Each structure stands twice: as C-alpha cells, then as structure tokens.
Amino acid sequence: MTPMLRWANFGVRVVVIVFVGVFTFVARWPGAADVAVEIAALTVSTVVLAVWVPADRLASAGNYSGLRPFALAVMVALCGAASATPKGGFFILLGVTAAIAAGSDLDFRVGVVVASLGIVATEVTALALGTGGSVPVEYPLVLGLSFVFGRNMRAHWVYADQANQLREEQARVATLDERTRIAREIHDVLAHSLGALGLQIQVARAVLTDQHDEARAVELLEQAQRMATDGLNETRRAIHALRGETLPLPASLAELGAHHQRRYDTRVTFEVSGDVRPLSPDAELAITRTAQEALVNTAKHAPGQPVKIQLEYAEADIKLTIRNHLQGNRGDGRQSLLATVNGGYGLTGVRERLLLLHGALSVGAQDDDWVVVAKVPR
Ligand SMILES: Nc1ncnc2c1ncn2[C@@H]1O[C@H](COP(=O)(O)OP(=O)(O)OP(=O)(O)O)[C@@H](O)[C@H]1O
Ligand SMILES: [Mg+2]
C-alpha cells in the first residue's frame, strides 16, 4: 500500500468514527439502555484508530505483527455487537471498516477468523437481545461482504505492486544493457587505441635508446601522434553513437571507407544494395565495429591491397562483406605499419559482439581474397 493510500484509509476511518460518535451520542443520548456497550465499542474503536498507524508501521517493519489482528478482532467484535443492540445500528459502519481491513491487511486465514468473530458477536448479540427486523440476517452478511471486498482490494494492490516491480525491473535491465554497451565501447575504442599507442611509444623509445636512430624514432612518434588523433576521433564517434547521434549506417560505412583510403593510401570501394532500413542501434554498432576491425586488419595483414566493402539489406538479415586481395599474390610488397595489438583477438571480439545479436561472422581466404562476412538478423 502506498503511503498516500494508507493515509486515505486512516482518514476514512476517522470520518466513520466521528460520524458514528455524533449520531450515537448526540442523536440518541440519553436514554439508551445499552449505552454501555456503545461506549465500550466507541472507546475501543478510537483507541484502535489511535494505535492503527503505529501498529501498521510496526507490522510492516516485521515487529509486533500480532498487534494488528488483535486490534481488528477486538474492534470488529465489539462494533458488531454494538450494531446489534436496538439503538446501535450506526456501529455497523465501524464494523464494516474493521472487516474491510481484516480482508485487506491480514493473512487470509487470520482475516477469516477475525471477520467470523465479528459475525458471531453480531449474531449472538442480536439473538440474545432479541433485536428484530433485518439486523440478525443483514448485519452479519454486510460484515462478510466487507471482508470479501477487503480481499479484493488487497488483490488489486498486490497486482499493482507486481506491475510496479516489473516496470522497475525492466528499467534496471535497460540500464544494465546500456552500461554493458558503454563498457564494450570503452574496451573496444579506448583500450584498443591506448594499447596501440603505448606499444608505438615503447618502440620509439627503444629505437632512440638502443639504436640512437633519431629519424626512425621521429617517424614512429609521428605515427603515434596519428594513432592518438584517430583514437580521439573514434572516442568522439563512440560518444555520438552512445548518445544516439549517429549517421545512417551506409553513410557511416562510406565515411569509414573514405577515411581508410586517405589514411593508408589504399583504394577502398563501397556498395550498398537492397532496401535500406534503419536497424537497432546495437546492430548498427556491431556492423560498424566489424567494418572497423576488418579495415584495420587489411592495413595490418595485407597493406596496400585494394579493399571492397559491400552492405546488403536482405529480407531476413543485413550482410556486410569486406574483401581484400591476399598479400603476396598481387600485392605491391608494402610492409605492414601496424602490429598485432591484443594477441589476435580482434575478430574474436567482433564475433562475440555479433553472436550477442544472434548474428554470425565468417572469415577466411577465398581463392586470392581474404573475405570477412558479418550477418545480423533484421
Ligand atoms: N585482411 C586480412 N588479410 C589477410 N589476413 C588476415 C586479414 N585479416 C585477418 N587476417 C588473419 O587473421 C588473423 C586474425 O585476425 P584478428 O583481427 O583476429 O587478429 P590480429 O589482427 O592479428 O590482432 P588484433 O586484431 O587483436 O590486433 C590475423 O592474425 C591474420 O593472420
Ligand atoms: Mg585485427
């Protein structure tokens, strides 16, 4: 129950007590023979109401949980009995509040016992005092129905609570997903470029201290500077991607290709086919990362070889193919400028990323070509 509902409940109970008090003592006082029962009932009800909130708090905190059924049992029995006295009819309202609370706040079995107590007390009093009319039949029935109404309210609250929990859980999962995505981006972009940079600087230092070859060291440091710039650009691109400010996939792949062509002085061609439609951000990112790794690989393992990028939007999936001629067959004999950074895990990482999206990666030599094919379902 939300705090607001609890206070609304409390408010209703106060109003009922005041109402019953006013009508019992102002309208009927004095002269009622059974006023002792009424005074007792109203006193108990007031006391119960006064301890209601602390008892509720204690019970919800797991302490003194027996207090609540006990208070309700006394209240429903006394008010039921008072309502069955010839002039105490209004007390049925207090009995009803207690019976509803027995249904909504108590465990089913305990609630049944409490409500039954009220019903029996009402019935016995009506029969003992010979209260006529509809009282012996209707009042116990009203108490029983109030209990059922309370049970329904409880079921509704439980349902609302579960719906809330589900929503919170979904939000939590979405946050976790987002964190995982950020972590992967940091790993792939920052860790990769910083690792490469560290290695490059280490090599430059060794060239300077061991070989005293300043010209080569300057060349290596220039490369390191380019790597740092590339890393920074990559980081910016990743931040844009995480903020959802990405270019459409074909445009971003075309840009990657053009950048690669300038950077490595290698011919890169790019083709798109099929019905271009936006994919999920995760899928677009996975395809982009695959293209980046495959392009870096071409520069590393087949430097100078022309590269062909194809993006196909098929009905069931999206397919990225990147191919280059294998080094040694038709190559221009250029040596790779890049070293393997993290022990040949580039394609493994890409494969894992694609598998998470139920996609697949196939890599290998086909005739004279090295071909990388990534597929992600639409
Ligand atoms: N374009 C390519 N041309 C020829 N061989 C390639 C090409 N791409 C990858 N390979 C071969 O596949 C291997 C695995 O590639 P992968 O990207 O997983 O590792 P890596 O590039 O060697 O290291 P890392 O990516 O971790 O820096 C490479 O070591 C290389 O032998
Ligand atoms: Mg690689």
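Rule-based calculations on the coordinates, nothing more; no lab input. Keep in mind the model is a prediction, meaning the values are calculated, not measured. When we count neighbours, we look across all protein chains shown, and the Cβ atoms used for this are built from the backbone with ideal geometry, even at glycine.
Only helices at least 30 Å long along their own axis, judged from Cα atoms, and with Kyte-Doolittle mean hydropathy of 1.6 or greater: name those in the chain from DSSP H. Please report the intermediate quantities before stating the final value.
Working: long enough: 35-60 (36 Å, 1.50); 108-129 (31 Å, 1.82); 135-185 (74 Å, -0.38); 214-242 (41 Å, -0.50).
Those that pass (Cα extent of 30 Å or more, hydropathy at least 1.6) are 108-129.
Simple spin-label model, 7 Å along Cα-to-Cβ: ILE39 to ASP369 in nm?
Taking the two extended label points, one gets 10.3 nm.
On the principal axes of its Cα set, how long, how wide and how thick is the chain? Give whole Å, largest value first.
If we take the Cα atoms of the chain, the spans are 117, 51, 30 Å.
Based on a Kirkwood Rh over C-alpha pairs, give the Stokes-Einstein translational diffusion coefficient of segment 247-378 at 4 °C and viscosity 1.567 mPa s in µm²/s.
Estimated via Stokes-Einstein, D reaches 87 µm²/s.
For segment 48-202, just say rounded, prolate or oblate: build the C-alpha gyration tensor, square-root its eigenvalues into a ≥ b ≥ c, call rounded for a/c under 1.5, and beyond that prolate if a/b exceeds b/c, oblate if not.
Prolate, because a/c is 1.5 or more and a/b exceeds b/c.
Taking a cut-off of 28 Å between Cα atoms, list the lysines near LYS319, but don't count ones fewer than 8 places away on the same chain.
LYS300, LYS308, LYS375
Need the C-alpha centroid separation for segment 257-334 versus segment 79-104, integer Å.
Distance between centres, Cα-based: 80 Å.
If amide hydrogens are placed 1.01 Å from N in the peptide plane, which non-local residues have theirs closer than 5 Å to the one on VAL268?
Distant-sequence amide H within range of VAL268: VAL307.
Can you give the longest stretch of the chain with no exposed loop site, where a site means GluC sites (Glu not before Pro) in a DSSP loop (not H, G, I, E or B) with at most 14 other C-beta atoms within 10 Å?
1-244
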